[in-house]
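Written out below as structure tokens is the structure these notes cover.
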Number of protein chains: 2
Amino acid sequence: MALKNAFYAQSGGVTAVINASAAGVIEAARRNKDKIGKVYAGRNGIIGALTEDLIDTDGDSAEAIAALRHTPSGGFGSCRYKLKGIEQNRREYERLIEVFKAHDIGYFFYNGGGDSADTCLKISQISDTLGYPIQAVHVPKTVDNDLPITDCCPGFGSVAKYIAVSTREASFDVASMCKTSTKVFILEVMGRHAGWIAAAGGLASSKDCEIPIVILFPEVSFDKAKFLAKVDDCVKKFGYCSVVVSEGVKGEDDKFLADQGLRDAFGHAQLGGVAPVVAGIIKDGLGLKYHWGVADYLQRAARHIASKTDVEQAYAMGQAAVEYALAGHNAVMPTIDRESNSPYRWKVGMAQLADVANVEKMMPAEYISEDGFGITEACREYLAPLIEGEDYPPYKDGLPDYVRLKNVAVNKKLSGFEV
Amino acid sequence: MALKNAFYAQSGGVTAVINASAAGVIEAARRNKDKIGKVYAGRNGIIGALTEDLIDTDGDSAEAIAALRHTPSGGFGSCRYKLKGIEQNRREYERLIEVFKAHDIGYFFYNGGGDSADTCLKISQISDTLGYPIQAVHVPKTVDNDLPITDCCPGFGSVAKYIAVSTREASFDVASMCKTSTKVFILEVMGRHAGWIAAAGGLASSKDCEIPIVILFPEVSFDKAKFLAKVDDCVKKFGYCSVVVSEGVKGEDDKFLADQGLRDAFGHAQLGGVAPVVAGIIKDGLGLKYHWGVADYLQRAARHIASKTDVEQAYAMGQAAVEYALAGHNAVMPTIDRESNSPYRWKVGMAQLADVANVEKMMPAEYISEDGFGITEACREYLAPLIEGEDYPPYKDGLPDYVRLKNVAVNKKLSGFEV
């Protein structure tokens, strides 16, 4: 009997290490050539499956696949596209089966966050609901760190490291300038629903390197008077302070702080970030000189300062997904199980997708300090191991030597399909 | 005769490598203990001299001073404070002489950009104008890269590397997402008067890694229609594009593009960055999904990704300043003289401060491509060696182990002084 092929796709916002998971999947499959056929990647995620736009990963050398481990972004292209339920959109599921059949695909690996876990779960049910035998395994990925069961999510550790390092560096800068110039630096970070990334800013300050950092979490309603008092305190005590603000911070009216009804000269609404809004509040309330930055994509693409722990975990998740599939599992997701904080020890575990899909892990309340502006010791113990270690990419001419795959297309066998 | 002491101070905006210059000065002085006494640093720049707030650098160990080489920001504090001419403010110059006399200072090392070079020149003239013998040597520093005579300025190479690396990383990110989501990423960078830093964004694209990058230089009047056509072209050809915009870009009306007359709900003026303005233009003009980032202090504090070339040059400038002073020079500045592009070779040269002060080196017109949105091959040849090499700081617990000096105060001998 011919070996079944595998399908792999990247989904949602990409990260510094999602390609390390891809390398884990492909290299594990290549080590098991007696059990698994080709690995086809979806060009631009699940859209590649729907449109039969498949990539033959054998078109890329072992060196190129290994280089994925040190290359940020999604090497095969990602997408923001959520499959509806089978009842709502039977047409898409039938098309997927058509494509899977045409290319003899028996394994489905989906690399993404919570929405993608839901898609993966639905695919895993095709065996029963539509009678097509397939094993679906989800590979966790999200900078938001909000998947349940797994202790952390690949992608988060590297963003956390970037934010911690950047906050420390910018704080050293403003500390040098504060006598005559800037006294407050504001950094806007990602994380619309949960404050995990903002919390990482707190790591910039440590016992042997104290830095006044005020964190604005999406979990805590913004209280202007309290915030201004806190910044004022810090500046009086240290001469300066750094503010790390989550893009998702909301006011007491439950509206995003970033949504300030800004209008340009013609009255058009302008959507700015939350950092300039916070800067304006500091200027109006305290009259202090400020600077602000918005890390945006830089934070999740910063492979140059990725966490070694994160890279290793991302790779391990990809590898474990293949091993689980070959062991006969369906509708599961490999997880990172923490065994101890110090020394940090973890192992690969397994979660049932039904327990993962559509469940968001929020930041525990005990991770936020009593005043609402900092992280607790418990939070520090959780976060610290995740940013441990450096894993520098190779450089060429002063720039990281990131790989671009050939991404050789698989010949189409079916007629077109509109997504 | 007792040896004369030296005064060293940091001035203006700090950089990832200004402390490497400080290490160069202090270590060179320590190697010449038979010719030079103590090195006193001004706490917060020249203000430290005026207020007799001096730091005895002997209070910090050889290890701590060596660690300055890998620590960003200004270890002794910097300031934005420009001395007026002797005619306008004789009081300040007389105070400086009083402080210099009290602490037996015969050497003045000032680490800064164009304004600081002017201050240093004025100090160098005290010998003649006010009869106090002192040798003043300027140590070049500025991320703006706008000092004349020297081929480049310490601080610039590391910002250039940060912007080139970040632009490459974010471009990989948006390339993965562009099928269904973000198509344009906009990064705002420093450089109010000259486009050197924006130009560095162009390095993200290379022969073996082509990336569509549209640069908005302060040297080129913003032409909305032409810009939108360029972005549209890139997106049609590549599916995505990255825009690197200098904070100093002006419209055809010679007003900063960032100054869009934004008003909040109460009609108060809001100063945003230029990146969201460009994002709004793309949204209105092309309807494309965008993301934007503002690097701000992160770019000039990013010692974690400093250019090795830049670190070496910054250190060499500090060291040469001491050597020039000991050789009897006054009113000079060590320079970086380029001998060849490929292989890159440079040596330490010397400029007369009178030729440096108040002269801005603009970016040559031949460094900007004909359409005004890119860099030429000549520009690439100039920039490429400046970002060469990595010089990673040591890490502890996942974070760069930057030094904080003890900064032991020198006992005051004089009465107070108001600045």
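A short reminder: the numbers here are calculations on the coordinates, not readings from a lab. In this text the structure is predicted, and so the values were computed from the model without any measurement. For neighbour counting, all protein chains shown are included, and Cβ atoms are generated from backbone atoms with ideal geometry for every residue, glycine included.
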**Message:** At R0 = 60 Å, how high is the FRET efficiency between B:THR180 and B:ALA62 if r is their beta carbon distance? Nearest 0.05 is fine.
**Reply:** 0.60
**Request:** In whole Hz, with x marking every Gly and Pro, tabulate ³J(HN,Hα) for segment A:404-419 from phi via Karplus 6.51 cos²θ - 1.76 cosθ + 1.60, θ = phi - 60°.
**Result:** 10, 6, 6, 6, 5, 6, 7, 4, 6, 10, 10, 7, x, 8, 8, 9
**Asked** Pairing the Cα long axis of helix A:274-286 with the longest principal axis of chain A, what angle in degrees results, from 0 to 90 and rounded to the nearest 10?
**Response** 10
**Complete:** So the angle from the long Cα axis of helix A:114-124 to the longest Cα principal axis of chain A, reported in degrees to the nearest 10, equals 10
**Request:** Mind running the shape call on chain A? Use the C-alpha gyration tensor, a ≥ b ≥ c as the square roots of the eigenvalues: rounded below 1.5 for a/c, prolate if a/b tops b/c, oblate otherwise.
**Result:** prolate
**Item:** Relative contact order %, chain A, counting alpha carbon pairs below 8 Å whose residues are six or more apart
**Value:** 23
**Request:** Quick one: angle between helix A:18-31 and the longest Cα principal axis of chain A, in degrees between 0 and 90, rounded to 10, please.
**Result:** 30
**Request:** Assign one of three labels to segment A:156-301, namely rounded, prolate or oblate, based on the Cα gyration tensor with a ≥ b ≥ c the square roots of its eigenvalues; rounded applies when a/c is under 1.5, prolate when it is not and a/b is larger than b/c, and oblate otherwise.
**Result:** oblate
**Karplus (6.51, -1.76, 1.60) ³J(HN,Hα), θ = phi - 60°, over segment A:177-184, in Hz, Gly and Pro reported as x** = 9, 5, 4, 10, 9, 4, 10, 9
**Message:** With θ taken as phi - 60° and the coefficients 6.51, -1.76 and 1.60, list the Karplus ³J(HN,Hα) couplings across segment A:144-153 in order, rounded to whole Hz; mark glycine and proline as x.
**Reply:** 6, 6, 10, 7, x, 6, 5, 5, 8, 10
**Item:** segment A:156-301: relative contact order as a whole-number percent, Cα under 8 Å and 6+ apart
**Value:** 30
**Fill in**
Within segment A:156-301, the percent of DSSP beta bridges that are antiparallel, given to the nearest 5, stands at 15
**Request:** For A:GLY285, go 7 angstrom from Cα along the Cα-to-Cβ vector, then report the distances to that same point in the other copies in nm, smallest first.
**Result:** 3.7
**Request:** From other protein chains only, count the Cβ atoms within 10 Å of every residue's Cβ in A:73-84, then give the mean.
**Result:** 4
**Message:** Considering only C-alpha atoms, what is the centroid distance from segment A:363-419 to segment B:16-69, in Å?
**Reply:** 40
**Message:** Helix-only mean residue ellipticity at 222 nm, chain A, DSSP H runs n ≥ 4 weighted -39,500 (n - 2.57), per residue, nearest 500. What is it?
**Reply:** -10500 deg cm²/dmol
**Prompt:** Between the DSSP loop rule and a limit of at most 10 other Cβ atoms within 10 Å, which GluC sites (Glu not before Pro) in segment B:278-376 are left?
**Reply:** B:GLU370
**Asked** Order of B:THR167, A:THR129 from fewest to most other C-beta atoms within 10 Å?
**Response** A:THR129, B:THR167
**Fill in**
Inter-copy distances for B:SER415, label 7 Å out on the Cα-Cβ vector, sorted ascending, nm, one decimal, are 9.9
**Item:** Shape category assigned to segment A:7-97 from the gyration tensor of Cα positions, a/c cut at 1.5
**Value:** oblate
**Complete:** Under 5 Å from the placed amide H of A:VAL139, counting only residues 5+ away or on other chains, we find A:TYR110, A:ASN111, A:GLY112
**Message:** As an exercise, use a Förster radius of 35 Å and the Cβ-Cβ distance of A:GLN88 and A:ASN407 to find the FRET efficiency, rounded to the nearest 0.05.
**Reply:** 0.65
**Fill in**
Under 5 Å from the placed amide H of B:GLU388, counting only residues 5+ away or on other chains, we find B:THR309
**Message:** For segment B:297-419, what does the relative contact order come out to in percent, with C-alpha contacts under 8 Å and a separation of six or more?
**Reply:** 29
**Request:** Spit out the partnerless Cys residues in chain B, using Cβ distances under 4.7 Å as the pairing rule.
**Result:** B:CYS79, B:CYS120, B:CYS152, B:CYS153, B:CYS178, B:CYS209, B:CYS379
**Request:** List every residue whose amide H lies under 5 Å from the amide H of B:SER246, counting only residues 5 or more places away in sequence or on a different chain, with H placed 1.01 Å from N in the peptide plane.
**Result:** B:VAL189, B:LEU216
**Fill in**
The distance between the Cα centres of segment B:138-213 and segment B:327-349, in whole Å, is 25
